[in-house]
Amino acid sequence: IDFVTVTALHPCEPRADLYPSTVTFANGTYDWGLTFDGPERASLIEQTVDDIERILTSDPIGFDGIGGICDGSLIASLVAARLPPNSRVNFYINMCGGPWSMLPESLQTEAAVTIPSVHLIGKKDEVFTWDQLRSIPAKCKNPVMVLHGAGHSVPLVSASITNSVEATLREADIFAATKVHLASSHGSADEDSASGPGGRLTAVAEGSAP
């Protein structure tokens, strides 16, 4: 898989309490808007989502999936819930994403994430509670949840993680083929949506990403 990382838009102060390494980033640290306070918070997050949607639709090669970790995964889940029917994005990978209650009420869409999804959740997560970690999977249709022994981090690859991700990608293949069939039956087949999830994943990184 070709991972394409997206840099957050909004400059912010380093969060050494959460991410000690951020104090050493020469080019500063950036945020999706979730850690900001004040009336501009919703607008900053909306700008973030609009920018990711622009990247997904304008990239000449296109993306097969979207994923993220921590705050980035929450943003990615919102993008996934807002995907148009003809999008070629066919799967979502969540790693320890925060609860939907972190989003402004104006952005808490009732739409569900209908594309196949897999959720890697650490049993020792030190940032979010179990109820908070279940928030994103609860917004997804038929989520695949994998509990691992680590904390709030990218887990080491295990057999259960490999099997679950591979199963999600196979489901995404079926999901993509179904969309093409439905579009064809209505006379509006989209070649882009026919592509299976073998190629590119938009990776929305953790909050305060460089």
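The values are calculated or read from the model by the stated rules, or taken from the named source; none is laboratory data. As the structure is a computational prediction, the values presented were derived from the model and not from experiment. Don't worry about glycine lacking a Cβ; one is built from the backbone with ideal geometry, like all the others, and counts go over all protein chains shown. Protein only, heavy atoms only, side chains kept; ligands, DNA and RNA dropped before computing areas. Shrake-Rupley method; radii C 1.70, N 1.55, O 1.52, S 1.80 Å.
Report the gain in length on full extension from Met145 to Ser58: 0.36 nm times residue separation, minus Cα-Cα distance, nm rounded to one decimal. Walk me through the intermediate numbers first.
Numbers: separation 87, 0.36 × 87 = 31.32 nm, distance 3.11 nm.
My answer for the length gained is 28.2 nm.
Taking 0.36 nm per intervening residue step and subtracting the Cα-Cα distance, what contour gain separates Ala159 from Ser106 on full extension?
Stretched out fully, the Ala159 to Ser106 stretch lengthens by 15.1 nm.
Rounded to the nearest 20 Debye, what is the dipole magnitude of the range 1-158 about its Cα centre when Lys and Arg each give +1 and Asp and Glu each give -1 at the C-beta?
The calculation lands at about 540 debye.
Once you have the Cα-Cα distance between Thr5 and Lys123, take 0.36 nm times their residue separation minus that, and quote the gain in nm to one decimal.
39.9 nm
Percent of accessible area on the range 82-189 owned by carbon and sulfur, 1.4 Å probe?
About 58 percent, which is the carbon plus sulfur part of the accessible surface.
Could you give the nm distance between label points at Ala167 and Glu46, where each point is 7 Å from its Cα heading toward the beta carbon?
In this crude label model, Ala167 to Glu46 measures out at 4.0 nm.
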